[in-house]
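Only one structure is covered here, and it is reproduced in the block below.
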Amino acid sequence: MAGSTVKIEGAKFILTVDQGRRIIQDGSILIEGRDITQVGKASEMAGVAADRVIDASEMVVTPGFCNGHMHISYAHATRGIFPDSLDPGDYLTNVFALQSAMTEEEEYLTSLLGITELLKYGTTCFLDPGSTKFLDTCMKAYEESGCRIVLGKQVVDQDNPLNLPVYPLNEAVSIMEDTVKSYNGMLDGRISAWTMPFASEYCNTDLLVAAKDIADRYNTSMTLHQSNARFAIDFHQQKYGKRPIKYLEDIGVLGPNVLLAHVIGVDPSEVDSMARTGTRAVMCPTAALKMGQGITSKGMLPEMLEQNICVGLGTDAGNNSSLIEAMRSMYLITVIFKDARQSTSMIPAETALEMATIQGATALGLDSQIGSIEVGKKADLVLFDTKRPEWRTMFNPVNNLVYNADGRSVHTVLVDGNVVVEDHKPTFVDEWELIQKVQELGAGMLQRTGISFPQRWPIV
Ligand SMILES: [Zn+2]
């Protein structure tokens, strides 16, 4: 594509995550329009001119991070109100009550703040699992911010304890198909639209089969909440006489264009089902740990990776995980399995970085476009300022990135060749003004819904 050129010049290290997993010391990147057109040693690219040159000396450059499960649209307005002892069921009931009370304008503003936080700390692409109510209005937030997003509309056709709206089968199918038809490929291809039945315990077989069929016919994908919590396993055993993921395999609803979120309580036979069918997964360590879901005791990430199952990282919502930063997820996914299995050989730092980049992109079906720094890919990049104590000393930049650093050192972020964060600040919004608006609308939502929780310590 024709357009302006940007050169990222003289980076201390470029962690390309390319086929050879090369780390280029003293490297430069040339971007033409939306695409990466040259990557190499700064000395070899010294003569390459560009409309804009970003001095990357003492910076580490990574691919933009992918978040494969992130409810973007509601949490920021009322973040932190839930006691950390709240039962997960009560949590969800309150979340959905708050969400259904949200107006279009409120959803737009909270989404924009959620996206601002993601971009500011290096997440350039995320999947919203269908919980946005007013997609057309929120499209404004996706357009203004310049983020890359996988979206859809969550549907169920069975009564459910979450009070999600229940649609007749035909209507649920139309909603999914219309969403894919209308949104897939929008914003110069930065939008992907998928089918998103909420979970197999709240959807009949026909609906799940239809969701997969639409994904196949439109060359897109589908995602499901696959908690494999005790009640979900019992439900599938009683109704279908088999484990949840085996049930999905038997009805033909697994495959490389199916992304299962959470995948905590899976058993070895279900890992086999996923491996056989090329099904992909996303794990959400910050959410699982805070909600006490047993990722350390039951999580089978090492076994999934052993069988070459593609697993990306997600964070669920900013109200349950509270941490939506890719850096924290990478850190946690490396350390929790080391501790759980009492073995330092579990989940190396490089694997965590892959999960946040190339594997994350593969989980989202976008690996031909993003996930690594290579000629021909879109310029979704994160530049870390390493002139900070947590980055030093620096000899092994992957270890420093995963174990020492966090989002605070993200200096510059590009998506599709556009600079969306510059000198630690978003370029697309007045951040403080936005925060003040969301604080105010959050107070309004709490007042309207009457939802409040006592705090343990008095505010005087
Ligand atoms: Zn979710």
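The values are calculated or read from the model by the stated rules, or taken from the named source; none is laboratory data. No experiment lies behind these values; they were computed from the predicted model shown. Here the Cβ positions follow ideal geometry from the backbone for every residue, glycine too, while neighbour counts run over all protein chains shown.
Of everything in segment 326-370 that is touching a Gly at 6+ places or on another chain (Cβ under 9 Å) and over 30 Å from residue 219 (Cα atoms), the residue that is surrounded by the fewest Cβ atoms within 10 Å (Cβ to Cβ) is 340.
Residues checked against (1) of a type outside the set (Gly, Ala, Ser); (2) touching an Asp or Glu at 6+ places or on another chain (Cβ under 8 Å); (3) assigned to a helix (DSSP H, G or I):
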{"position": "80", "(1), (2), (3)": "no, no, no"}
{"position": "85", "(1), (2), (3)": "no, no, no"}
{"position": "96", "(1), (2), (3)": "yes, no, yes"}
{"position": "102", "(1), (2), (3)": "yes, no, no"}
{"position": "106", "(1), (2), (3)": "yes, no, yes"}
{"position": "126", "(1), (2), (3)": "yes, no, no"}
{"position": "161", "(1), (2), (3)": "yes, no, no"}
{"position": "181", "(1), (2), (3)": "yes, no, yes"}
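In the list 46, 42, 56, which residue meets the criterion of being crowded, with 19+ Cβ neighbours inside 10 Å, more than 20 Å from the chain's Cα centre (by Cα) and either more than 30 Å from residue 112 (Cβ to Cβ) or among the hydroxyl-bearing types (Ser, Thr, Tyr) (or both)? Can you show your working first?
Working: 46 fails: crowded, with 19+ Cβ neighbours inside 10 Å; 56 fails: either more than 30 Å from residue 112 (Cβ to Cβ) or among the hydroxyl-bearing types (Ser, Thr, Tyr) (or both).
Only one candidate qualifies: 42.
Taken over segment 319-347, the criterion of being within 16 Å of the ligand (Cβ to nearest atom) and at positive phi is satisfied by 322 alone.
Please go through segment 177-194 and give me each residue that is aliphatic (A, V, I, L, M) and surrounded by fewer than 17 Cβ atoms within 10 Å (Cβ to Cβ), ordered by number.
Step one: of segment 177-194, the residues aliphatic (A, V, I, L, M) are 180, 186-187, 191, 193.
Answer for segment 177-194, where residues must be aliphatic (A, V, I, L, M) and surrounded by fewer than 17 Cβ atoms within 10 Å (Cβ to Cβ): 186, 187.
I'd like to check something: does segment 157-165 contain any residue that is touching a Leu at 6+ places or on another chain (Cβ under 6 Å) and within 16 Å of the ligand (Cβ to nearest atom)?
Step one: of segment 157-165, the residues touching a Leu at 6+ places or on another chain (Cβ under 6 Å) are 157, 162.
Add one more test, that the residue is within 16 Å of the ligand (Cβ to nearest atom), and what stays is 162.
Yes.
Within the set 378, 437, the sole residue that is within 30 Å of residue 185 (Cα to Cα), of a type in the set (Lys, Arg) and not assigned by TED's automatic domain parsing to the domain that holds residue 116 turns out to be 378. Here residue 25 fulfils each of the conditions (1) modelled with pLDDT under 95; (2) surrounded by fewer than 24 Cβ atoms within 10 Å (Cβ to Cβ) apart from (1).
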